[in-house]
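Take a look at the structure below.
The values are calculated or read from the model by the stated rules, or taken from the named source; none is laboratory data. Just so we're clear, the structure is a prediction, and the values are computed from it rather than from any experiment. Here the Cβ positions follow ideal geometry from the backbone for every residue, glycine too, while neighbour counts run over all protein chains shown.
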Amino acid sequence: MQYEEFRKAGHSLIDYITDYLQQAQNKPLFKDVEPSFLNDLFNESIPNNPQSLESIQKILEEKLLPYCTHVNHPGYMGLITPSPNPAGILGDLLAAALNQNLGAYSIGPSATAMELRVIRWLNDLIGYDEKAGGNLTSGGMMANFIGLKLARDFTTGDVAQHEGLHGKWAVYVSEERHVSIDKSVDAIGLGRNNLRSLPTDDRFQLKIDALEEAIAKDKAEGIKTLCIIGLAGTTNLGAVDDLEALHRIAVREQCWFHVDAAYGGGMLLSHQNKNLLKGLHLADSVTIDPHKWFYAPLDCGAILVKDHDRLPRSFGIQHAYLTDQSERKNERYQFYVNGFEQSKRFRSLKVWMSFQHYGRDKIGEWVDNNVEQAKYLHNLAAGSKDFESATEPKMSAICIRYTGEGLTNEELTKLHIAVADRIEKEGKFWFATTILKGKTWFRINPVNIYTTIETMKALFDTLQAYCKEAAGEKA
Ligand SMILES: Cc1ncc(COP(=O)(O)O)c(C=O)c1O
C-alpha cells in the first residue's frame, strides 16, 4: 500500500467534494442523455493495467460526475433522497476505512455501542421506554419487511418462524402505502392478495370505518388479523393516519401494530409541529429512515421495536461458527441474533456525527424549512385559478396539478408528464409525477438543506408558464 499516494489522493478527493458541494447549484441537475450512451461509457472489461488514484479521479470527473442526479442542487425535490449533510458524508468515509462489521460484536465492539446508542436516540424520539430495541437497515423497504416479519411471528404465537403460516390471515393498510408493504406481505409468505388496501378520506388518512368493515368481512370468512399498518407520513403527501384509533383496533384484534414513518419520522425533530405523529409510541414497531429526513447519506433506515425481546424471538438463530465463546458473552450485544442481516454496515456513524456536529435543533430547523417551502408552494397553487393542491401539506411532500379548463383527464395526464419531462431536460429542478384518486399530479418533495423559498417561487413560475404553453399547444 502506498500510504503517501493514498494521503495525497484523499486530500485531492476531499477538495474535489468540497468544490462539488459548493458548486452543485450551478450544475445541470439531471443530464438528459441516452442510457445506452452511459452504458457505452463504462463498457470495458476488468482492468488489468494499474492506474494512479489521481488519474482515476480524472476519469470519474469525466465519466461519472457529469451524469449524476445532483441531489445537492436546491432544485432537487423528487423521490425521497436528501441532500446529505456534510458531516454525514465524512462519517461514511470513515466507516468504509474502519470497515466494522456490525453483525458480530467481535468485529466492531465500539461501533456496536455507537449503533445501540443511535437506535436508543431514535427510540427516545418515538417515546419508547428502556425495553425498546431496533436495527439500522438499508432503508425503509427492509425496515418494513422486518416489521411485517415481527408481526407474523408475534401474531402466530411464534409458530410461523418454524412451520410457516397456517390458516387465513390479512394485513390492513391504506391505499396510500409505499410499495414496500406489498413486497413485504409477499416476502413473509402471506401473499399480496391478503393485503387489504383501504380507502382514504379527503385528507388522505385511512378511513377507520372502512378498516372496521374490512376486518368484520374477513372475520365472517374465518380470516384473522395479522397486522394493522399505520402511515405516519405518506410518500405522496405526508399524510398521517389516526394512529391512536388504529392502535385501539389492533389491541382489540390482538394483532401487531406497525407504523411506517420512513419519511415522516423527520417530523420528530420539528420545532413547529411536534404533535403531528401523536400516538406513534403506541406502535409495536416503527420504520424511520435517517437517510430521508434526517439528511443522512444513504444508506440508513431503521426498524424500531417497542419490546426488544421480539427481535431474538424472530431472528435468534445461533450457528456454531457464530457462537461467541467469550466468558463475557452476555455483555456483548450481537446484532446477528437480533436482526436479519449478518454482514452489516456501520450505518450509525454518519447519523451520530450529524447529531454531534449540527445538534438536534439545527436538523429540526432544516425539516421546518422544507415544510415551510411546501406550504408556500401550496399557497401559490391554491391562490391560482389554474392550479389546485391536493391538500394543505403537513410535511414537505406536496402534490399540485394544472387544472387546464376544457382538457380531458387523459390530456391532462399527458400534459403533466410532458411538462415534468421538459423540466427534467432543462436541469434546474427535478420532481416526480404521481397519481392520486385517479388524477395525475406533480409530486414535489424537498428533503433538501439547500432549497429556499426563492427556489419554490422559481419552480412555480416555471410550472405556470410551461403548463399554459402546453395547454395552448393542445387547444
Ligand atoms: C413511506 C415510505 N416507506 C418506505 C419507503 C422505502 O424506503 P427506502 O427507499 O429507504 O427503502 C419509502 C420510500 O420513499 C417511503 O416513502
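Residues checked against (1) away from the ligand (no atom under 16 Å from the Cβ); (2) in contact (Cβ under 8 Å) with a residue 40 or more places away in the chain; (3) of a type in the set (A, V, I, L, M):
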residue: Asn123; (1), (2), (3): yes, yes, no
residue: Gly191; (1), (2), (3): yes, no, no
residue: Leu206; (1), (2), (3): no, yes, yes
residue: Leu211; (1), (2), (3): yes, no, yes
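Going through segment 406-425 one residue at a time, which ones are acidic (Asp, Glu) and free of Cβ contacts under 8 Å to residues at least 12 places away in the same chain?
From segment 406-425, those acidic (Asp, Glu) are 410-411, 421, 424; that's our starting set.
Of everything in segment 406-425, those that are acidic (Asp, Glu) and free of Cβ contacts under 8 Å to residues at least 12 places away in the same chain turn out to be Glu410, Asp421.
Among the candidates Gly88, Gly78, single out the residue that is more than 30 Å from Gln334 (Cβ to Cβ), of a type in the set (Gly, Ala, Ser) and surrounded by 14 or more Cβ atoms within 10 Å (Cβ to Cβ).
Details: Gly88 fails: more than 30 Å from Gln334 (Cβ to Cβ).
Matching residue, one of Gly88, Gly78: Gly78.
If you check Cys300, Cys255, which single one turns out to be in contact with a Pro (Cβ under 8 Å, 6 or more places away or on another chain) and of a type outside the set (Gly, Ala, Ser)? Working first, answer last.
On the way: Cys255 fails: in contact with a Pro (Cβ under 8 Å, 6 or more places away or on another chain).
Residue meeting the stated conditions: Cys300.
When the test is whether a residue is farther than 27 Å from Arg332 by Cβ and buried (at least 21 other Cβ atoms within 10 Å of the Cβ), Leu102 does not pass it.
Listed residues Arg177, Arg203; which is at pLDDT below 95 and assigned to a loop (DSSP other than H, G, I, E, B)? Outline the logic, then answer.
On the way: Arg177 fails: at pLDDT below 95.
One residue alone meets the criteria, Arg203.
Scoring Leu380 on the criteria (1) over 20 Å from Lys437 (Cβ atoms); (2) surrounded by fewer than 18 Cβ atoms within 10 Å (Cβ to Cβ) leaves a single failure, condition (2).
Hey, among Leu79, Leu38, Leu93, Leu21, which residue is among the hydrophobic types (A, V, I, L, M, F, W, C) and within 16 Å of the ligand (Cβ to nearest atom)? So that I can check it myself, show each step before the final result.
Values: Leu38 fails: within 16 Å of the ligand (Cβ to nearest atom); Leu93 fails: within 16 Å of the ligand (Cβ to nearest atom); Leu21 fails: within 16 Å of the ligand (Cβ to nearest atom).
Just one listed residue meets the conditions, Leu79.
Of Glu44, Glu54, all but one fail to be surrounded by fewer than 21 Cβ atoms within 10 Å (Cβ to Cβ), touching a helix residue (DSSP H, G or I) at 6+ places or on another chain (Cβ under 9 Å) and over 17 Å from Tyr295 (Cα atoms); the exception is Glu54.
Looking only at segment 381-397, which residues are among the small types (Gly, Ala, Ser) and free of Cβ contacts under 8 Å to residues at least 24 places away in the same chain? Listed by number, the residues that qualify are Ala382, Gly383, Ser389. The criterion of being within 16 Å of the ligand (Cβ to nearest atom), within 29 Å of Phe346 (Cα to Cα) and of a type in the set (D, E, K, R) does not hold for Asp153.
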